[in-house]
Amino acid sequence: MFLTYIYRELRRRHRQAILTSLGLALGICLVVVVSATAGGVRNAQTQVLHTLYGVGTDITVSQNATQGSGGPAQFGMNPGSPDQQGQRFSRDRINSTSGLALISDKKVTSIANLNGVSAAVGGLTLSSIHMSGHFAQVTGGTSGPPAGQFGGSVTSTATPSQAPIKIDAFSIAGVDVADQSIGPLSSATITSGRTFSMSETDAKVVVVDSGYAKQNSLAVGDTMKIGGVKFTVIGVSKSASADANVYMPLQRAQTLADEKGKVNQVYVKATSATLITQVKKAIKATVPGATVTTAQDLANQVSGSLSSASKLANQLGKWLAIAALVAAIAVASLLMLSAVGRRVREFGTLKALGWRSRRIVSQVLGEALAMGVAGGIAGIGLGYAGAQLISRLSPSLQATVANAGFPRGGATTFGGSPGGAGPSSAMRGFAHTVTVNLHAVVSPALLAVAIALAIGGALIAGALGGWRAARLSPADALRRVD
């Protein structure tokens, strides 16, 4: 009887029912679209953090170099004797990344043994500079600075003739081959060849970034010289933001840089996301003066269109969804109150026949519940279509994280006037920039929430309508004409 009456009333007043359901559907649609878009932005930000930070890495540890340490690379560019003037030279310098202090392997072990730490591996980021050209040819007088020296000024009639000098600078990342699930290579995909095996802890093998490989015509099986040592390319990797141009086993990188047992980055994975703050404090106590960066710290540094979209989704989007839902419930409530007002005589007659107010309220709530379910299903369908439309039409988003890191790959040629541009210009910092596509995500949890909101909104509207119907007096109701 209860369900039959609901069905008949909804069919008899189908226009009213459809209008109420559509009001709820539009509100639920907007909630689904905004929530799906916000979820897509969060996923995009996670993707960015993985490419910049390493999949599975929760914390990175480094130390700033002390003031006065390091300094410009020294190449020994002066010819040893006058007969070397005009002769070809080739020099290599491999140094730890400027601005980062070296950390002992023992510290990595200490961090790995901390409570809440699942894994910790060290990494060594290096900059490689290969300089080639010809020693300066000095004609005329013999006074002035030694031939071939950069930055000198000629104070006599001697005229140095410096041929162009080519500088090829690229970045290197030493990878702990025993655990590649975290660290600099973890976010990359091997597109050709393979990654390092467990036995290649000190092998002369490298994996090169796809962009650097294309720029220098490198493929799997080729050899390349780094610091005068030949390395075999065993794989080509690709990631949204490469941490380095060349990856090699950590021990080999330490040998190449003459930094045995030293790293300048530590990648840490926590046993639980809830323990990250605790682990961060423990690391700072273990490595005094260390810069400990969590994924959240890195997220706060993200700028660009992705950051703007994230703020828009988190701030404006949330309130827009709430406003839409409130408006939908308000419209549904007004429609229900209006419908009850037009059914005064009906409810008065039912009361005169012995229906209690509780039964009338239940009848109105039942009708509202049916409209709420219909509105929720329609809203989910419209919301899903809107989310797919956003995924197809949305522009690509960019995220940028500034980093005073090592030089990116590329050859630079410097002209030969003394006092011109020097090799230090190859050592400028850079910023990671990642481009991602926005995909609005409609998850099962979101669908469940949408249905719950639709039902909740309908019940609120039905409760208001039932409250009005329950207040009707049979005598007053029968005096009114429907």
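Where a number appears in this text, it was derived from the coordinates with a stated rule and is not lab data. Please read these numbers as outputs of a predicted model, since none were measured by experiment. Cβ: placed from backbone, ideal geometry, glycine included. Neighbour counts: every protein chain shown.
Rounded to the nearest 0.05, what FRET efficiency is calculated for Thr189 and Leu19 with R0 set to 60 Å and r the Cβ-Cβ distance? Calculated transfer efficiency: 0.70. FRET efficiency for the pair Ala452 and Ser272, taken as 1/(1 + (r/R0)^6) with r the Cβ-Cβ distance and R0 = 30 Å, rounds to 0.55. Peptides 14-21, 325-332, 122-129, 272-279 ranked from most to least packed give 122-129, 325-332, 14-21, 272-279, packing being the mean of other C-beta atoms within 10 angstrom over each peptide's residues. Taking Cβ atoms as reference points and 11 Å as the exclusive limit, the residues near Lys269 contribute a net charge of -2, counting Lys and Arg as +1 and Asp and Glu as -1. In order along region 361-367, the phi-based Karplus estimate (6.51 cos²θ - 1.76 cosθ + 1.60, θ = phi - 60°) of 3J(HN,Hα) comes to 4, 4, 5, 5, 5, x, 5 Hz; Gly and Pro are listed as x. Pairs with C-alpha atoms separated by more than 27 Å, drawn from the list Lys262/Lys284; Lys107/Lys214; Lys225/Lys260; Lys166/Lys225; Lys106/Lys204; Lys238/Lys284, are Lys107/Lys214; Lys238/Lys284.
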